[in-house]
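Quick notes on the structure that follows.
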Amino acid sequence: MAQRTERADALRNREAVLAAADALFCASGSPQSVSMDDIAAAAGVGKGTLFRRFGDRAGLIGAVIASRMEPLQQAVREAQEAAGSSPRQRVADLLDASLRFKIENRNLMTAAEDAGLSSPYRAEYYGWWHGVLRTALAQVPGVHDADFTAHALLAAIRADLVAHLIDEQGMDAEGLRTSLAAYIDNVLGAAD
């Protein structure tokens with residue numbers, strides 16, 4: 001069966017809702033404090049449009065995350081296709097890119113976990129990161145179980161941990177990135 005093309009007005013509404021939600025989430029500092037009514041009003045659509053299109057708050061937050069991830073995913077794909085870096089360096093670069101994304105989007109990522117996307121392991125973005133990282137780890141000599149190692153390394157940069165370290169423990173972003181690089185070296189050190 002052929003996939004239906006989205007109507008122009010529906011596409012405009014979707015983009016308006018995503019832009020409004022993204023702007024309001026950023027301005028508030030806490031996506032939980034933004035109501036669906038606020039988003040609908042800012043997007044110039046009815047509240048019913050939000051629920052028909054995204055299902056619920058969790059669906060909307062997931063869609064905002066996906067829209068923010070698109071440019072990052074494209075950059076990662078292009079970087080992987082470029083030759084020159086070692087498999088170990090690709091692993092470090094992938095994790096650093098994911099960490100930077102989570103630092104910049106920690107309130108949104110934490111809200112995703114709190115809004116019903118409680119298991120990040122079921123989220124589409126997690127599956128993508130895990131698959132890309134697992135593939136890179138499989139090319140690192142000495143890595144025994146690339147699948148498990150990918151899960152374990154991604155656990156070190158969970159959104160709730162990133163938010164805790166930065167917002168509650170006062171760690172700065174560069175310090176967190178440096179600590180992650182050292183952790184990667186420790187984990188992959190046995191793989192050399």
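Per-structure values
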item	result
Boolean, Val64 is within 15 Å of the chain's Cα centre (by Cα), of a type in the set (A, V, I, L, M, F, W, C), assigned to a helix (DSSP H, G or I) and modelled with pLDDT under 85	no
Extreme residue, most open to solvent (accessible area, probe 1.4 Å), among residues of region 135-176 that are in contact (Cβ under 8 Å) with a residue 40 or more places away in the chain, closer than 24 Å to Arg77 by Cβ and β-branched (Val, Ile, Thr)	Val143
Residue in region 151-160 that is more than 27 Å from Ala63 (Cβ to Cβ) and in a helix (DSSP H, G or I) present	yes
Residue within region 126-134 that is open to solvent by 20 Å² or more (accessible area, probe 1.4 Å), closer than 22 Å to Gln80 by Cα and either touching a His at 6+ places or on another chain (Cβ under 7 Å) or modelled with pLDDT of 95 or more (or both) present	yes
Failed item, numbered, when Arg53 is tested on (1) more than 22 Å from Arg122 (Cα to Cα); (2) open to solvent by 40 Å² or more (accessible area, probe 1.4 Å)	(1)
Residue within region 31-39 that is closer than 30 Å to Arg134 by Cβ, more than 21 Å from the chain's Cα centre (by Cα), modelled with pLDDT under 85 and open to solvent by less than 60 Å² (accessible area, probe 1.4 Å) present	no
Selection within region 57-86 - closer than 29 Å to Ala16 by Cα, polar (S, T, N, Q) and open to solvent by 50 Å² or more (accessible area, probe 1.4 Å)	Gln74
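The values are calculated or read from the model by the stated rules, or taken from the named source; none is laboratory data. All of these numbers come straight from a predicted model, not from anything done at the bench. Neighbour counts run over all protein chains shown; Cβ positions are idealised from the backbone, glycine included. Protein only, heavy atoms only, side chains kept; ligands, DNA and RNA dropped before computing areas. Shrake-Rupley method; radii C 1.70, N 1.55, O 1.52, S 1.80 Å.
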